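Data first, discussion second: the structure below is written as structure tokens.
The values are calculated or read from the model by the stated rules, or taken from the named source; none is laboratory data. These numbers come from a predicted model, not from an experiment. Methodologically, a virtual Cβ is constructed for each residue, glycine included, from the backbone with ideal geometry; neighbour enumeration extends over all protein chains shown.
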């Protein structure tokens, strides 16, 4: 999630800067920040059993079977994934942004994006605790366990 999240923060920052730069010319820039949507990415999530033969033995040794199973199964069974919404919600806000003479600065289609926005106002330790509980990821990678023993 690190690289994915970083790209989303970069896109938000880019949109904000571009909006400010284009304003003097009467051009509008909006950011669309959806929650989880029922897309091929989510539909293609696989469990450890489904992809174990595609994971190199080196990666399996480094990460450990317990961690890989836990991580992949947690992603596939995530409440956010299970409650992913219709991507037409994104299409509708895009249509509004393009067709409206005064579009919103930000669009957050779906309940999940509106749910996460207030979380960002809470202390980081509270949000971290909440996300650890919700994601269900508890296993530690094999190489981390090994380093902790050393």
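Annotations
- Beta carbons closer than 9 Å, at least 6 apart along the sequence or on distinct chains, pair a first residue in segment 109-131 that is more than 20 Å from residue 90 (Cα to Cα) with a second that is in a loop (DSSP other than H, G, I, E, B) and modelled with pLDDT of 85 or more for 130/122.
- Answer residue from segment 30-63, given it is part of a loop (DSSP other than H, G, I, E, B) and touching a residue at least 40 places away in the same chain (Cβ under 8 Å) and is farthest from residue 87 (Cα to Cα) among those: 30
- In segment 72-93, the residues that are under 30 Å from residue 147 (Cβ atoms) and touching a helix residue (DSSP H, G or I) at 6+ places or on another chain (Cβ under 8 Å): 72, 73, 74, 75, 78
- Yes/no for residue 81 being within 18 Å of the chain's Cα centre (by Cα) and part of a helix (DSSP H, G or I): yes
- Comparison of 75, 12, 50 shows that the only residue that is closer than 30 Å to residue 94 by Cβ and either surrounded by 15 or more Cβ atoms within 10 Å (Cβ to Cβ) or at pLDDT below 85 (or both) is 75.
- Filtered residue count, segment 114-126, keeping only those that are at pLDDT 85 or above and outside any loop (DSSP other than H, G, I, E, B): 3
- Restricting attention to segment 20-46 and to residues that are touching a strand residue (DSSP E or B) at 6+ places or on another chain (Cβ under 9 Å) and at pLDDT below 90, the residue that is nearest to residue 116 (Cα to Cα) turns out to be 35.
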